[in-house]
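Worksheet: one structure, shown below.
Bear in mind that the values in this text are calculations on the coordinates, not laboratory data. What you see is a predicted model; the values in this text were computed from it and never measured. Using ideal geometry, Cβ is built from the backbone for each residue, glycine included, and neighbour counts are taken over all protein chains shown.
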Amino acid sequence: MFKNVASQKITLLAINTTTNAPQTGDAANLTFYVTKDDGSVTALTDTSAAELDATNAPGMYSCDVSQSECNADKLMFTGKSSTANVKVVPSIIYTRANNINDMVITSSGIPEVNATQLAGSATPITNMNTVFNTDFAVNYNTTNDGWVVKLGNYVHGGSSAEMRLDVLEALTEITTNQITSSVNSIPWNTAWDAEVQSEAQDAITASSLPTAVQVWAAATRTLTALDEDTTTLDLDATITAAVPTAAQIATAVLTTAMTEAYRTAGGTATLAQAVYELISHMGDSVISGTTKTLRKIDGTTAKTFTLDSASTPTSITEAT
């Protein structure tokens with residue numbers, strides 16, 4: 001049964017509970033009722049049930065159902081008879097949208113839709129028909145470097161409308177892996193080498209990078225700095241100014257105090273270690289028995305040596 005549609009009927013079965021057989025000839029004694037969406041039970045407007053066929057369809061009676069009486073998603077039809085021992089079998093019906101049977105489903109199971117309204121208005125559908133009714137094409141636009149859907153009859157701003165579609169959105173059936181695989185499978189054409197080199201050279205030229213000759217001028221021995229103001233530097237003067245003179249080196253070495261240090265036993269010495277050890281030998285040292293102790297500036301032990309005799313030594317060896 002269709003929802004909210006006029007001129008429909010409901011057919012119910014009447015049973016004689018004594019004989020357990022369909023009850024015939026009982027149309028005048030029947031009253032049919034309807035319950036919409038589990039609401040109240042209401043008698044149908046049509047109070048004259050009609051018997052279909054006492055011989056070929058015994059016990060079957062029908063009544064008219066008005067448009068308002070079928071305006072629900074769930075309908076329950078019941079009935080009663082004034083004849084003793086006669087019961088009417090109820091029927092529960094879930095309605096369908098009007099004209100649903102007119103929908104065509106293709107052999108692939110896809111519904112064919114012929115829309116006449118959109119959001120309750122026919123105007124959007126008319127506009128869409130204007131867009132799509134003649135020329136519809138999908139092409140790759142090399143100028144814009146993207147997929148373009150052209151709608152031939154739809155004019156906006158004086159030109160045919162073009163909708164840029166992302167490749168992955170336009171071709172939703174192609175996965176990322178499939179695209180990557182397809183791109184990687186394209187063989188490299190050696191004819192492209194010259195084009196790639198030309199594009200690279202154009203990019204270098206456009207960037208205004210200096211050439212090797214512009215960077216270093218051998219004749220004048222000058223270096224041009226690689227910055228936006230192309231400052232010219234005299235390389236010889238720059239390097240000479242940065243290197244200290246012999247007099248500056250001598251002054252730094254001879255007038256700068258050295259850090260006190262002593263070499264390990266048997267080890268080689270730095271200049272500072274050798275100087276401090278000689279100063280201790282010649283000055284701040286103590287001899288006790290056969291041991292000679294060199295002392296640091298603060299008086300603590302720096303190194304020790306061993307004499308071959310406590311009274312008449314002739315040799316000395318390093319101990320620590």
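Brief remarks on what is shown
- The calculated FRET efficiency for the pair Asp73 and Asn29, based on their C-beta separation and a Förster distance of 41 Å, comes to about 0.85.
- The translational diffusion coefficient of region 271-318, from Stokes-Einstein at 25 °C and 0.890 mPa s with a Kirkwood hydrodynamic radius over alpha carbon pairs, comes to 222 µm²/s.
- For Lys9, the lysines whose Cα falls under 26 Å of its own Cα, not counting residues fewer than eight places away in the same chain, are Lys36, Lys74, Lys80, Lys87.
- By other beta-carbon atoms within 10 Å, ranking Met1, Met282 with the fewest at the front produces Met282, Met1.
- Between His281 and Ser207, the modelled label-to-label distance comes to 6.4 nm, taking each label 7 Å out from Cα in the direction of the beta carbon.
- Spacing of the two label points (7 Å from each Cα toward its C-beta) at Ile249 and Thr291, in nm: 4.4 nm
- Figure legend: label point modelled 7 angstrom from the Cα of Tyr94 along Cα→Cβ; residues of region 60-82 with amide N under 17 Å from it are 71-77.
- Under 29 Å from Lys303, Cα to Cα: lysines that are on another chain or at least 8 residues apart: Lys292
- With viscosity 1.002 mPa s and temperature 20 °C, the Kirkwood radius over alpha carbon pairs of region 8-94 converts through Stokes-Einstein to a diffusion coefficient of 165 µm²/s.
- Reported value for region 234-320: 130 Å³ per residue, from the convex hull of its C-alpha atoms.
- Cα centroid of region 58-88 to Cα centroid of region 247-320, whole Å: 128 Å
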